[in-house]
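For reference, the structure discussed in these notes is given below.
The values are calculated or read from the model by the stated rules, or taken from the named source; none is laboratory data. All of these numbers come straight from a predicted model, not from anything done at the bench. Backbone-built Cβ (ideal geometry, glycine too); neighbour counts: all protein chains shown. Heads up: the accessible areas ignore ligands, DNA and RNA and are worked out on the full protein's heavy atoms, side chains in. Shrake-Rupley method; radii C 1.70, N 1.55, O 1.52, S 1.80 Å.
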Amino acid sequence: MKFKAINKNTEFVRGYRKGTSSVSPLVVSYVLKNRYGHTRIGITASKKVGCAVKRNRARRVIREAVRSLNLDMSQSWDIILVARSRTAKAKSYEVAPQIEKQLRDAGVINA
């Protein structure tokens, strides 16, 4: 499934403030319903993750993990995925089950 990207800082801040969060050792997710008619995903990594190389790797790992999931959603959502410091050392197949569990618990993915 193809997703639109969340790029604007104001959209990230709205997700942080109004969204429902869930935490795992490798990724933090914020989920919020939207009215756009399609699901949007934003992936970010703070400077706590490490230098630019590590932050880019962490984002790539999360992007590939989301791509590997078969997400079946009935509504449109804003999903923000934040990398943690251990994400840069992880593989995408280790991150994918954690993202899937977080989205399932939040009610984004249909069971």
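Assorted remarks:
- Residue among TYR30, TYR36 that is at pLDDT 95 or above, open to solvent by 10 Å² or more (accessible area, probe 1.4 Å) and closer than 21 Å to GLU11 by Cβ: TYR30
- Looking across the range 63-83, the residues that are out of contact with any Phe, Trp or Tyr (no Cβ under 7 Å at 6 or more places or on another chain), open to solvent by 10 Å² or more (accessible area, probe 1.4 Å) and either of a type in the set (S, T, N, Q) or at pLDDT 95 or above (or both) come down to SER68, ASN70, SER74, GLN75, VAL82.
- Among residues of the range 84-111 being touching a Leu at 6+ places or on another chain (Cβ under 8 Å) and acidic (Asp, Glu), the one that is least open to solvent (accessible area, probe 1.4 Å) is GLU100.
- Candidate set from the range 9-27 (those that are part of a helix (DSSP H, G or I) and in contact (Cβ under 8 Å) with a residue 12 or more places away in the chain); member that is surrounded by the most Cβ atoms within 10 Å (Cβ to Cβ): GLY15
- Failed condition for LYS54, given (1) open to solvent by less than 70 Å² (accessible area, probe 1.4 Å); (2) touching a residue at least 24 places away in the same chain (Cβ under 8 Å): (1)
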